[in-house]
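What follows is calculated from the coordinates using simple rules that are stated; it is not laboratory data. Everything numeric in this text was worked out from a predicted model, so none of it was measured. Positions of Cβ are generated from backbone atoms using ideal geometry, with glycine treated the same way; all protein chains shown enter the neighbour counts.
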Amino acid sequence: MKKLSVILVTLLCAGLANAQVKSVSVLGDSYSTYENFMTPSTNELWYYGKNAPQKTDVQNVRQTWWHQVIKENGWRLCINNSYSGATVSYSGYDGNDYRDRSFNTRMDNLGQPDVIFVFGATNDSWAGSPVGEYKYENINFGDLYSFRPALARMLQWMTDRYINTEIYFILNDDLRDEIDESVKTICQHYGVPVIELEKIDKMSGHPSVKGMRQIADQVNRFLKENAK
């Protein structure tokens, strides 16, 4: 009888483990922001609760790509640490130092999620940040002002820090070719899948309601086709 009880408890625990809801964190830029949903709350935003219609038609957090992906997969949000204008490297627009908002600065504030979506490189491309050389070892402080070593350092740290966590890199469309190539090459080096977006509808350079839906659909399709 005692042996049977142990077996039943084991099966019950296994069932609960299998039924556990996955938690998701987002490390992003303006595309993934939304007022009152960022951690920390001081992050700069692009999407607000009320947006000028000429700026964007996104008017509800439920219209964001990440909210749709999380809800439709039955997951829960852990942390969304997205910052408008953020670059992966320390180099920002007009040669400004973006260490305060860099992905490399924020990557350690994502909680303990089961899944992480990194949606970046857009501002590195738009700002004309230095690309640099491929470098995977002995990356120093100065290297972080160039995209390639900065991305390598970020993914190396994240894959070491977030053990047994599914990490995906979402790559925007219409970026510089050298940025696209760099993301694919460096992500492959660290075994991080790349979700390449295609023909995303935008207003003011940012996803519209239609574009957000397209991103969610393309992310969901990739996850389904590459289910682990």
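Pairs from the list Lys50/Lys184; Lys50/Lys135; Lys22/Lys55; Lys22/Lys199; Lys22/Lys184; Lys71/Lys199 with a Cα-Cα gap above 32 Å: Lys50/Lys184; Lys50/Lys135; Lys22/Lys55. Set the Cα radius of gyration of the chain against 2.2 N^0.38 Å, with N its number of residues, and you get 1.09.
Taking the charge dipole of the chain about its Cα centre, with +1 at Lys and Arg Cβ atoms and -1 at Asp and Glu Cβ atoms, the residue from Met158, Ile186, Phe37 reaching farthest to the positive side is Phe37. Label separation (Asn220 vs Asp108): 3.7 nm, computed from points 7 Å beyond Cα along the C-beta direction. Seen against the Cα atoms of the chain and their longest principal axis, helix 209-225 is set at about 50 degrees. Measuring between their Cα centroids, segment 41-89 and segment 182-210 lie 16 Å from each other. In this structure, the amide hydrogen of Val58, modeled 1.01 Å from its nitrogen in the peptide plane, lies closer than 5 angstrom to those of Val209, counting only residues at least 5 positions away or on a different chain. Taking the longest Cα principal axis of the chain as reference, the axis of helix 147-161 is set at about 20 degrees. Rounded to the nearest Hz, the phi-derived 3J(HN,Hα) couplings of segment 44-52 under the Karplus curve 6.51 cos²θ - 1.76 cosθ + 1.60 (θ = phi - 60°) are 6, 10, 10, 9, 10, x, 10, 10, 4, where x marks glycine and proline.
So if R0 is 22 Å, what FRET efficiency would Asp160 and Tyr134 give, r being the distance between their Cβ atoms, rounded to the nearest 0.05? Please list the in-between numbers first.
Details: r = 19 Å, r/R0 = 0.87.
Computed FRET efficiency for Asp160 and Tyr134: 0.70.
Using θ = phi - 60° in the Karplus curve 6.51 cos²θ - 1.76 cosθ + 1.60, the 3J(HN,Hα) couplings for segment 62-73 round to 5, 8, 6, 4, 6, 5, 5, 4, 5, 5, 6, 9 Hz; x is entered for Gly and Pro. Using Cα springs under 10 Å in a Gaussian network model of the chain, which residue among Thr105, Thr33, Thr42 shows the largest mean-square fluctuation? Per the Cα network of the chain with a 10 Å cutoff, Thr42 tops the list.
Each residue, Ala52 and Lys199, gets one label point 7 Å from its Cα in the Cβ direction; the gap between the two is 3.1 nm. Rounded to the nearest 20 debye, the dipole size of the chain about its Cα centre is 1160 debye, using +1 on the Cβ of Lys and Arg and -1 on the Cβ of Asp and Glu. Other residues lying with their Cβ under 12 Å from the Cβ of Ser89 contribute a combined charge of +1, Lys and Arg counting +1, Asp and Glu -1. Using only Cα atoms and rounding to the nearest 10 degrees, what angle (0 to 90) does helix 177-190 make with the longest principal axis of the chain? On a 0 to 90 degree scale, this one is about 30. For Ser91, the residues whose modelled amide H falls within less than 5 Å of its own, excluding neighbours fewer than 5 places apart on the same chain, are Tyr98.
Mean-square fluctuations from a GNM of the chain, with a 10 angstrom spring cutoff on Cα atoms, peak among Ala127, Ala216, Ala150 at Ala127.
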